[in-house]
Amino acid sequence: MFERYYRELLNFLSRSVQDRDTAADLAQESYARVLAAQQTGQAVQDPRALLYRTARNLVIDQHRRSSIRAELETSPASADEAFGLE
């Protein structure tokens, strides 16, 4: 499975996150999660579809973390409020 879809998945993720290193990390995490699902005995009928769904979910999580980080970095007062440091 790895050799078959890796380059395709990496290109997809690179376009999504605009950073090849982050894309490689997300591709690796996607494979790890799909492999873990397969090892639990869950029937995976279409591993490519699960791989891409997992990757898309990780991209969404990455964007959320980035936007929260950017928001906290641009307004230090908000960070203090978020952590109850007022």
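Quick notes on this one:
- Which numbered condition G84 misses (of (1) modelled with pLDDT of 95 or more; (2) on the phi > 0 side of the Ramachandran plot; (3) small (G, A, S)): (1)
- Hits in region 44-69 (condition: farther than 12 Å from V17 by Cα and touching a residue at least 12 places away in the same chain (Cβ under 8 Å)): P47, R48, L50, L51, Y52, T54
- Any hit, region 2-12, residues being surrounded by fewer than 11 Cβ atoms within 10 Å (Cβ to Cβ) and either of a type in the set (D, E) or modelled with pLDDT of 90 or more (or both): yes
- Within region 18-34, the residues that satisfy the criterion of being aliphatic (A, V, I, L, M) and surrounded by 18 or more Cβ atoms within 10 Å (Cβ to Cβ) are A23, L26, A27, V34.
The values are calculated or read from the model by the stated rules, or taken from the named source; none is laboratory data. Everything numeric here is computed off the predicted structure, so don't read it as measured data. As a convention, Cβ positions derive from the backbone with ideal geometry for all residues, glycine included, and neighbour counts pool all protein chains shown.
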